[in-house]
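Encoded as structure tokens, the structure appears first; notes follow it.
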Ligand code: 13P
Ligand code: SF4
């Protein structure tokens, strides 16, 4: 089967069987092309909730499929490659979070959306990388335990100095591996380019950037800026997608290290096989399942984010 043939079959089957395909922006081009919705994890869960199709396939990592299920409990949800996990989300267990909460009893717990559903059940407010600064500013509380990304947390703390933000160790191993030396090398190689970086990078890197923002923030900034060259400090596929969106501009990955192997685990044939599963047999053991209690408790921190004006 060729890529084009697989794409044709996927599109035919998803239409015939009412299946909605969600692709995170770190997915490969050939997957993005067959998706109904693309973007960051929260945008995808909101899009799925607003989509009338009763089956959703997430091309991304497990916490993203869980978030789709939390916002659409009535839908049948699949993760296209069941082995795709996020080391940041998986690195924070409920036990570790409870220990941190016991250490900082006066704090409200704010969790990044990159967390398991179980961790969300123990959190007060959820945030995305786009909304973290805005939500934490809008919260009436001044003592905050921010989990699990200490780099995003440090970035928020610098933007909202009026609050006390407690952090624990944890974060994205891909973004956190970028160093100030990588920045210096990229600046030397592309002296005319603006440097755009994700707040999951370490403070040594974010403090040297011309723009710090979420994946969609970086994308929108680069597309609409009058400048012509950009060094992209987030997962490597964003530089590639930007190059398709604006062939007249130049986009350079900040470093080759910025590749998320979990995001790249999903192949077009995984999507094809998942569409077959979803359309023919709907195998129960491959679906994302959670107890009604977990859904109810984990949703609360997402509803609180929405109430505080986040997205
Ligand atoms: P955003 O797409 O929300 O910026 O998050 C980046 C990320 O690392 C997703 O796993
Ligand atoms: Fe997790 Fe980082 Fe990969 Fe995103 S890029 S899925 S945060 S490991």
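Would you list 116, 289 from fewest to most Cβ contacts within 10 Å? Could you put the intermediate results ahead of the total?
Details: 116 22, 289 13.
Fewest-to-most ranking of 116, 289: 289, 116.
Residues of the stretch 84-118 with backbone nitrogen within less than 17 Å of a virtual label 7 Å along the Cα-to-Cβ line of residue 273, please, listed as ranges.
Residues 84-85 qualify, since their backbone N sits under 17 Å from the label point.
Taking a point 7 angstrom from the Cα of residue 303 along the C-beta vector, which residues in the stretch 32-59 have backbone N less than 19 Å away?
Residues 45-47, 49-50 fall inside that zone.
Taking 45 Å as R0, compute the FRET efficiency from the Cβ-Cβ separation of residue 93 and residue 245 and round it to 0.05.
Numbers: r = 39 Å, r/R0 = 0.86.
FRET efficiency, residue 93 to residue 245: 0.70.
Explain nothing, just the number: relative contact order of the chain, from Cα pairs under 8 Å at least 6 residues apart, as a whole percent. Can you show the working numbers first?
Numbers: 604 pairs, mean separation 69.4, N = 311.
After rounding, I find 22 percent.
Averaging sequence separations of C-alpha pairs under 8 Å and six or more residues apart, then dividing by the length of the stretch 108-214, give the relative contact order as a whole percent. The partial results should precede the final answer.
Details: 168 pairs, mean separation 24.3, N = 107.
Over the stretch 108-214, the number comes to 23 percent.
Looking at the chain, send over the antiparallel percent of its DSSP beta bridges, to the nearest 5. Don't jump to the answer; show the numbers that get you there.
Details: 1 of 34 bridges.
Approximately 5 percent, going by the DSSP bridge assignments.
If you take the beta carbon distance between residue 4 and residue 74 as r and set R0 to 45 Å, what does 1/(1 + (r/R0)^6) give as a FRET efficiency, to the nearest 0.05?
Working: r = 34 Å, r/R0 = 0.76.
Once rounded, the FRET efficiency stands at 0.85.
If the viscosity is 0.692 mPa s and the temperature 37 °C, what Stokes-Einstein diffusion coefficient in µm²/s follows for the chain when Rh is the Kirkwood radius over Cα pairs? Numbers along the way, then the final one.
On the way: Rh = 20.0 Å.
The estimated diffusion coefficient comes to 164 µm²/s.
Each reported figure results from applying straightforward, stated rules to the coordinates on display, with no laboratory input. Here the structure is a predicted model, which means the values were calculated and not measured. Backbone-built Cβ (ideal geometry, glycine too); neighbour counts: all protein chains shown.
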